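For reference, the structure is listed below as C-alpha cells.
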Amino acid sequence: MSEELFVQGNEACAHGAIKAGCRFFAGYPITPSTEVAEDLAGLLPKHGGSFLQMEDEIGAIGAIIGASWSGLKAMTSTSGPGFSLMQENIGYAHITETPLVIVDVQRGGPSTGQPTMPSQGDMMQVRWGSHGDYEPIALSPSSVQEFFDFTVKAFNLAEKYRIPVILAVDEVIGHMREKITIPDNVDIIKRMMPKESSDQFNMDNPYLPFKSDENGTPPMATFGDGYNIPVTGLTHNEKGYPDSSDPKAHENLITRLCNKILNNREEIVSTHESFCDDADTIVISYGAPVRSVFTAVELARKEGLKVGSIKIDTPWPFPETQIFKAAESAKNLIVVEMNLGQMVHEVERIIGMVDGNKPNVHLIGKIGGELHKPDEILSKIKEGFS
Amino acid sequence: MRTELRIAGFGGQGVILAGIIVGKAASLFDGINTVQTQSYGPETRGGASKTEVVLCDDEIHYPKVISPDILVAMSHEALIAYISDMKDGGTLIIDPDMINESEIADFVKKHNIKLHRAKVTKTAENEIGLRIVANIVMIGAISKITQVISHDATKEAILDSVPPGTEKKNIQAFEAGYAMDGN
Amino acid sequence: MTEKNVNSNNKNIQTNENPFMKYLRKDRLPNIFCAGCGNGIVMNIFFKGMESADIDFDTLALVSGIGCSSRIPGYVKCDSLHTTHGRAITFATGLKVGNPDLNVVVFTGDGDAASIGGNHLIHGARKNINITVICVNNNIYGMTGGQISPTSPKGSFGTTAPYGARDKPFNLAELVSTAGATYVSRWTTVHPLQLSKSIKKALLNPGFSFVEIVSQCPTYFGRKNKLRTPVDMINAFKENSANIRKAAKMDEEELVGKIVVGEYVNNSRKELTENVRDLSVEQCCRNLAIKSAYQDKFED
C-alpha cells in the first residue's frame, strides 16, 4: 500500500533513503539539515539499519565510506560548513569509487553565514570542492515529493556508477511541508557483485577490483567476502595497488573515473522543458527557484509573451545538450538562482559554443535568504521584450 | 483558487503546529494542494513566530505567501509585525484578550478587513483547563470562520498530529473553537 | 583461516621464508620502509598475535590513515582501506558497524592518530567501538621527512624544531585510557613477546583496544637526535623502558625520559556495535542488515 504523508522535505528525504535501501547513516547536527538525521535516527533501527552521530562531519563521511565497503548503502546529511569539512573524503570516495549519498541542505554562506536561511551558494563547491579532477553527480529537487524521489534516484546513481552523489538542496525545499506519496515499491539499482566468486582468484590470477566493465564502472566486491581488496586514496592500478608516480597510471585512472560519468551524461542528466518550442526567452532554474519561475512564466504567457522554462534536475553533470538547444533557439536566457551567479557561468560556457547569433544571458541572482518573488522574474522577462 | 493563510503569535503558543495541522487537514484529508512553511531560528524562540499555508485547487508553484487572504494573530506583537501586507478585504482572526484592537482599527477600516474575534486563550483556560491548547481552539475557529478546511478533515488532522493520550482534550479544544460564532 | 591462504606452506619450508610471508602481497615487495624501520617488527608481531588469537584471516580488515605505519595494511593480503590522514578510526567505525563479523584493525602513527586524528581517537575510545588500534609511535613524521609530532619528547629535534621541541608531548596510552578504551597497552619494539600477547588480548577484547608500540625511526628521529643507528635506538628503548608496576613507585624525577610500558587498561563495558544491534532488535525484532546494497528488495 502506498502511503501519503504531509511532511518537510528533510523528512521526505529520510523516507526516500529507507525506501532506497539505505541502512547506514552517520552525521553531525547542523541547521538546516538536522531533520534528515533526526528522522533517520528514528527510522533506521526500525528497518535493521544503523544510525551513528559522529564527532564531526569528517568522521561522518569517513564512517559512511567504511559502511559502504562493508556492503551497505550509506548516507550522510549536512549543510555548507559541514560540507566544506567533508571535501577531502569526498575526493577519497571518488578515487576509490565508493557509492555514497551526501545531502547538502544549503544555507547562506560563506562561513557560519545564515544558518536558517536558504541559499544555492554551494553549487560550485559541489562541483569542485575537493582537489583534483573529478565529475560529480548532483540532484536538486524543487518539491518535497521530488526530494523523496531524488533521494531514491541518488542511491541508484551512486550504485550504478560507484560515485558519491550529492543532493544539492536548498533550505526552502528542506523545510517546507507538502504532501508526498510513498509508493509501495520503488525502482532499485542494486550494487553489482563481481561475476566470479572470490575463490577463483589466486596469486597467478589475482582479482582486479578496479578493472572496469564496458560501461567504465567496475563491479564492487565487499569486505569480508575473500576478495582481499586493497583500497587506497593513492593513485592505483587495476589491482588496487598504489602507483602514484607513473604519469600514465594517473592519467588512465582519472580519465576513466571522469569518463564513466561524462560518457553516460545523457542517461544521468534530467531536465524539464516547458513552453520552450516557440519561446524567445527561456528561464533556467533548479531547486526552489523553479517554483517562482513557473509562476512567473505562467503570468508571462497570460500576457501573451513567448516565454519558456528549463528546470534542471541534475546540475551536475551539467545538461549541456539541453542548454545548447535553448541557446540556439532563444534570444534571451535568464538564469534564476539563490546566489550571486554560479550555474550561470555554465550557461555562459555553453552559449560560447553556439555558432552565429548568441542569445543574451541574464542572471537573476539573489542572496540573503528570500526566495525570488514571481514578480521579480516577470519584470526581468518583460525587459527582454521591451 | 489560491488562498494564502498566515498564523502568527509568540514562541510557545503552538503556532507552527497549528500551521502543520491546517496543512495536513487540507492536503491529506480534504485533498487540496497545500504548502506549509515557517520562520526558523532565533525568531521562533520567544519573539514573534509565524507559519504560512498556501492552499490551491491547482498545482502550487510559488510556495510562499505573497499577500495573505487570512491572517490569524494570537499575540499583539505578531499582529503588528505581520498585518501590513494583508490583502484588501481579507479575513483577520484575533484573540481579543491578547490584542489591543484600537491600534489596528484604522487599518481594518481602510483595507476593508473582515475582523473576527476568537477568545481562544480564555476558552482553553476556562473550558478545557489547559492554556496550551489555545492553538487547537484557534484551529477550530479557523475551520468554522474561513471554511478553508472542513470540520471532519481538521479533526482527523488533529488526531494524526497530537501526542497519544491527549486526543480527547485536543478534540474538545477543537470543537470549542468550532462552536465560536467569530463575532 | 581458509585453505587458499596457507597454500604456500610447503614452499616456506623449502625456502626458509618467513612463516608470515603467506599473509603478504608478495607482488608488492620490497616495501617502502627504510632499513632499520620498526614497521617490519610490528608486522611480524601483529601476525603472531593474530594467529594466537585465532583470528580468521578472511575476516580481517585493516584500515589506516596516512604516514609510514599506515602503509602496512597495503602489503597484507586481506581487505584493506588506506584512507585519509587522521581519519582511519572513522572509516573503521563504519566498516565494523556495517558488518560486525569483520575483525577491524587500524594501523596508525603518532601524527595520524594523535594530531590530525586526535578527535576521532578519543571518540572511538569513548564509544568503545569494537576495533583494535595499533599505534606505531616513532615520535616523528617520517613520511614527510622528520617533523616533530605531538609525541616528540621535550627537547627532541625535528626539521620543524631545529632548536628542540618545546611543547609537552601527549602520553597516548594514558590519553586513550582516560577517554574510555577497554584495553590499552604500551610496549616498544624491543618487547616482541609482551607485544604479541598484548595484540592477542586487544584483538579478543570486545571493545576499543589500543596498543601503542614505541618504535624506531632511525632515518629521521635517530639522525636528528644522536641515535644514528637502529641499534642505538633499540638500546635506548631497552635502557629507558620501565614497567608500569615499577613506574608506579617511581617519583617524577626518576620518570623523566622513561617509557612506561605494560598494560594500562583491561576491563569491559558494552561496545558500540552491540548497542546499535540491540536497538535494531528492540525496534524491529531483527538483527542489523548485512550487505544489503546487493539486494533490490528490502523488508519493511
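Read-outs: derived from the displayed coordinates by stated rules, not from any lab. Model, not experiment: these values are computed from the prediction. Glycine gets a Cβ as well: all are built from the backbone with ideal geometry, and neighbour counts include every protein chain shown.
Tabulated results
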quantity: Of the DSSP H helices in chain C, those whose Cα atoms cover at least 27 Å axially and whose Kyte score averages 1.6 or more; calculated: none
quantity: Sorted by Cβ density within 10 Å, fewest first, the residues B:E103, B:E127; calculated: B:E103, B:E127
quantity: Cleavage-rule hits, GluC sites (Glu not before Pro), region C:248-300, DSSP coil, Cβ neighbours within 10 Å at most 10; calculated: C:E299
quantity: Distance between modelled label sites at B:D97 and C:A247, nm, 7 Å Cα→Cβ extension; calculated: 7.0
quantity: Kirkwood-Stokes translational diffusion coefficient of region B:2-178, alpha-carbon pairs, 20 °C, 1.002 mPa s, µm²/s; calculated: 135
quantity: Whole-number percent relative contact order across region A:3-182, with pairs defined as alpha carbons under 8 Å at least 6 apart; calculated: 31
quantity: Trypsin sites (Lys or Arg not before Pro) lying in DSSP loop within region C:136-199, provided at most 14 other Cβ fall within 10 Å; calculated: C:K154, C:R166
quantity: Per-selection Kirkwood Rh - chain C (Cα, Å, 1 d.p.); calculated: 20.0
quantity: Long-range amide H partners of A:T235 with built H, under 5 Å; calculated: A:D243
quantity: Compactness of the protein assembly as shown, expressed as Rg and Dmax over alpha-carbon positions, Å; calculated: 31.4, 105
quantity: Cα pair distances of region A:263-386 binned at 5 Å [whole percent]; calculated: 2, 12, 24, 26, 21, 11, 4, 1, 0
quantity: Candidate lysines - alpha carbon under 25 Å from C:K127, same-chain residues fewer than 8 apart omitted; calculated: A:K46, A:K73, C:K96, C:K197, C:K200, C:K201, C:K270, C:K291
quantity: Spatially proximal lysines relative to A:K239 (Cα-Cα < 19 Å; intrachain offsets below 8 disregarded); calculated: A:K195, A:K211, A:K248, A:K260, C:K4, C:K22, C:K26, C:K77
quantity: Radius ratio Rg over Rh of region C:114-167, counting only Cα atoms, Kirkwood formula for Rh; calculated: 1.08
quantity: Most to least packed among A:353-361, A:316-324, A:109-117 [average Cβ atoms within 10 Å]; calculated: A:316-324, A:109-117, A:353-361
quantity: Cα pair count fraction exceeding 38 Å, expressed as % - chain A; calculated: 20
quantity: Chain A, relative contact order [Cα under 8 Å, separation at least 6], %; calculated: 16
quantity: Contact order relative to length of chain C, as percent, for alpha carbon pairs under 8 angstrom and 6 or more apart; calculated: 17
quantity: Alpha carbon centroid spacing (whole Å) that separates region C:35-54 from region C:65-132; calculated: 17
quantity: Test item: A:211-224 mean partner chain Cβ contacts at 10 Å; calculated: 3
quantity: Shielding by partners, peptide A:90-97 (average Cβ within 10 angstrom, other chains); calculated: 1
quantity: Antiparallel DSSP beta bridges within chain A, percent to nearest 5; calculated: 25
quantity: Modelled FRET efficiency - R0 41 Å, C:C34 with C:K258, Cβ distances, 0.05 increments; calculated: 0.95
quantity: Net charge over other residues, Cβ less than 10 angstrom from the Cβ of B:D97 (K, R count +1; D, E count -1); calculated: +1
quantity: Label-point separation in nm, C:N266 to C:S52, each point 7 Å along Cα→Cβ; calculated: 1.1
quantity: Cβ-based exposure ranking for C:V136, C:V106, in which fewest neighbours within 10 Å come first; calculated: C:V136, C:V106
quantity: Within straight-line cross-link reach of C:K297, aspartates and glutamates at Cα separation under 19 Å, skipping those fewer than 8 residues along the same chain; calculated: A:E3, A:D149, A:E159, A:D184, A:D187
quantity: Calculated P(r) tail over 19 Å for region A:3-182, as whole % of Cα pairs; calculated: 50
quantity: For region A:1-39 versus region B:137-154, the gap between their alpha-carbon centres in whole angstrom; calculated: 30
quantity: Between region C:138-166 and region A:236-294, the Cα center-to-center distance that results, in Å; calculated: 45
quantity: Dipole of chain C, positive direction: furthest Cα of C:I116, C:Q147, C:T229, with charges on the beta-carbon; calculated: C:T229
quantity: Estimated [θ] at 222 nm from DSSP helical runs (n ≥ 4, -39500 (n - 2.57)) normalised by residues in chain B, nearest 500; calculated: -9500 deg cm²/dmol
quantity: Degrees between helix A:34-43 axis and first principal axis of chain A (Cα, 0 to 90, nearest 10); calculated: 50
quantity: Built amide H within the under 5 Å cut-off of C:T160, gap 5+; calculated: C:I148
